[in-house]
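First the structure, in the form of C-alpha cells, and then the observations on it.
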Amino acid sequence: MDKWFNVGKIVNTHGIKGEVRIISKTDFTEERYKPGNHLYLFMPGAKEPIELTVKGHRQHKNFDLLTFEGYENVNEAEKFRDGILKVPESQLGALDEGEFYFHEIVGCLVFTVDGEEIGKITEILTPGANDVWVVKPISGGRDILIPYIEQIVKKVDVKEKIILIKPMEGLLS
C-alpha cells in the first residue's frame, strides 16, 4: 500500500471551463501539474481517492489553476472543492544533492553547530526566494523562523532527522 503525499488543496473553481484553484504544497509545480500527470483527489469523508489526469495548468496571482480530463465545466469541477490532491510515494522523483521533500524536513530536530537544541520543525513556508522553516522551540514561546540558506543551515540529515544551523545574530532571540 502506497504512502500518500499532499501536493495541494482545491479551494475554489475559476471561471466556467472547469478550472480549479489550488493552494499548492509542492516545490515542483511544473512537474506535478504537467498535462498527462495523474493526481489523486481525497475528498473529506470519502473512502477512496478519485484519480484525475491533468489536462492543463497555469498560474494566476498566488494560485495554480488546473483543469482535469473529463471535467470541462464549472458544475463538474465544483464538487472537487475542499479536496486534497496527493501523489503516491512511487511518483516522488529523485532529488539533487541539497534538495529535500517537505515531509523529510518536517519533524526534524534543529541544533546549533555548538550542540544547543533549538526545537522541532513543524512547517515549511515558501514565501519567495528561499524556503523558511518554522521551528517550535523546546523552551516554548514563539516559533522561530529559519531561512533555508547556506549561511545558516550547515547540515541536513533526513535519515537521523537532525539539522545543524549556525544562527546569525538575532535569529534565535
Practice problem: Could you please tell me which pairs satisfy a Cβ distance under 6 Å, a separation of 6+ or placement on different chains, a first residue in the range 83-98 that is closer than 26 Å to Ile163 by Cβ, and a second residue that is part of a loop (DSSP other than H, G, I, E, B) and charged (D, E, K, R)? | Solution: Glu89/Asp2; Glu89/Lys3
Exercise. Evaluate the following for Val87: is it modelled with pLDDT of 90 or more, part of a strand (DSSP E or B) and in contact with a helix residue (DSSP H, G or I) (Cβ under 9 Å, 6 or more places away or on another chain)?
Key: no
Quiz prompt | Those residues of the range 10-28 which are over 18 Å from Leu92 (Cβ atoms) and under 10 Å from the mean Cα position of the chain (by Cα), in sequence order | solution = Ile23
Exercise. Enumerate the pairs (first residue in the range 149-169 and without any contact (Cβ under 8 Å) to a residue 40 or more places away in the chain; second residue anywhere and part of a strand (DSSP E or B) and not aliphatic (A, V, I, L, M)) with beta-carbon separation below 9 Å, excluding pairs fewer than 6 apart on the same chain, so at least 6 apart or on different chains.
Key: Val153/Trp133; Val153/Pro147
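Out of Lys34, Lys47, Lys61, I need the residue that is out of contact with any Asp or Glu (no Cβ under 8 Å at 6 or more places or on another chain), closer than 21 Å to Thr126 by Cβ and modelled with pLDDT under 90. Which one?
Details: Lys34 fails: modelled with pLDDT under 90; Lys47 fails: closer than 21 Å to Thr126 by Cβ.
Step by step, each of Lys34, Lys47, Lys61 is checked, and only Lys61 is out of contact with any Asp or Glu (no Cβ under 8 Å at 6 or more places or on another chain), closer than 21 Å to Thr126 by Cβ and modelled with pLDDT under 90.
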Self-check item: Total residues in the range 94-142, condition assigned to a strand (DSSP E or B) and of a type outside the set (Asp, Glu)
Solution: 17
Quiz prompt | Which numbered condition Phe63 misses (of (1) without any contact (Cβ under 8 Å) to a residue 60 or more places away in the chain; (2) touching a Gly at 6+ places or on another chain (Cβ under 8 Å)) | solution = (2)
Quiz item: Any idea which of (1) without any contact (Cβ under 8 Å) to a residue 40 or more places away in the chain; (2) within 30 Å of Thr53 (Cβ to Cβ) is the one Glu104 doesn't satisfy?
Solution: (1)
Quiz item: Out of all the residues in the range 113-130, which are crowded, with 16+ Cβ neighbours inside 10 Å, in contact (Cβ under 8 Å) with a residue 40 or more places away in the chain and under 21 Å from Thr26 (Cα atoms)?
Solution: Ile121
Exercise. For residues that are of a type in the set (Lys, Arg) and in contact with a strand residue (DSSP E or B) (Cβ under 8 Å, 6 or more places away or on another chain), scanning just the range 47-70, find the one that is surrounded by the most Cβ atoms within 10 Å (Cβ to Cβ).
Key: Lys55
Practice problem: Could you tell me whether the range 140-163 includes any residue that is of a type in the set (Phe, Trp, Tyr) and assigned by TED's automatic domain parsing to the domain that holds Met43? | Solution: no
Practice problem: For Leu145, indicate whether it is of a type outside the set (S, T, N, Q) and under 30 Å from Glu19 (Cβ atoms). | Solution: no
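The values are calculated or read from the model by the stated rules, or taken from the named source; none is laboratory data. None of these values were measured; they are calculated from a predicted model. Cβ: placed from backbone, ideal geometry, glycine included. Neighbour counts: every protein chain shown.
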